[in-house]
Amino acid sequence: MSVCEDLLLCNYRKCRVKLSGYAWVTACSHIFCDQHGSGEFSRSPAVCPACNSTLSGKLDIVRTELSPSEEYKAMMMAGLRPELVLDICSRALTFWTYQVYQERLYQEYTYSKAEGHLKQMEKLYAHQMQSKDSELTAMKGEMNSLKKMLEEYKRKYSELSEKLMDRNRQYQKLQGMYDALRLRNIAVANRESSASGDRIQHDPISGFGFPFGHSTKFPAARTPPARSGDGDLHSKTFFCISPSEETGHTIFCSPRNETGQEGSRAFKISRM
């Protein structure tokens, strides 16, 4: 088996498998695997799947064995003249050369297509890399600005924390002063209430509605001046008695008896 056999591939566009066993050979110098050859050439008229050539001749399509037996090789061209053998060999070599050339063209086409795709991808990736680099630069700048803002906020937070601690100390101090003053005021109020209770017990007059430490003064009675033509003036005595336990106000009334009550003061007013 020759090493060049590995170069023969099925000429069907979607197949491209290495040929082995049986193959279909066309007069237009194309070769196909047994599967696609049987499927394509079973219809009439037969058309070459590679070049769309019409294959109407009896020997335009031949199914051949790629690895013939020794008996077949011994008897295939036996009895032919040497020039016929050389002509057959020349045509077979031409077919092989065409297949190699066709495969090289196909590989070059595939390579050029892949190279063009690669260049497009390189351009795309270069553009994406540039955009990513610009985004990275912008993000780095933003990150630096955010770091500066973070440092500024940390500094402000430290200052505010110190101010808050100072205010808390001042508040605690004022709270202590307020508690001390409140307790002192409560103690003073308690002492004053105790002293007031003692004065009420020792001064019974205060129980009748008069303020402590002040004497009750009554205005002096005045007699209205006499007018001409008036009759005789008659004076009548009335008494101002001390307030009783039932009421807290001074009661003015006419005397009930000649002597009056104990502790009363007598006043005279002029009555017309």
Q | Count of residues meeting criterion [closer than 18 Å to Thr94 by Cβ and not small (Gly, Ala, Ser)] in the range 25-51 | A | 7
**Q.** Checking Ser53 against (1) surrounded by fewer than 11 Cβ atoms within 10 Å (Cβ to Cβ); (2) touching a residue at least 12 places away in the same chain (Cβ under 8 Å), the condition it does not meet
**A.** (1)
(Q) I'd like the residue in the range 29-50 that is closer than 17 Å to Leu105 by Cα, part of a loop (DSSP other than H, G, I, E, B) and of a type outside the set (Ser, Thr, Tyr) and, out of all such residues, is most open to solvent (accessible area, probe 1.4 Å). (A) Ala50
Q: Check the range 76-95 and report whether any residue there is touching a residue at least 12 places away in the same chain (Cβ under 8 Å) and not in a helix (DSSP H, G or I).
A: no
Q: Evaluate the following for Glu65: is it without any contact (Cβ under 8 Å) to a residue 12 or more places away in the chain and either open to solvent by 60 Å² or more (accessible area, probe 1.4 Å) or under 60 Å from the mean Cα position of the chain (by Cα) (or both)?
A: no
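The values are calculated or read from the model by the stated rules, or taken from the named source; none is laboratory data. Because the structure is predicted, anything quoted here is derived from the model rather than measured. Note: ideal-geometry Cβ built from the backbone for every residue, glycine included; neighbour counts use all protein chains shown. Protein only, heavy atoms only, side chains kept; ligands, DNA and RNA dropped before computing areas. Shrake-Rupley method; radii C 1.70, N 1.55, O 1.52, S 1.80 Å.
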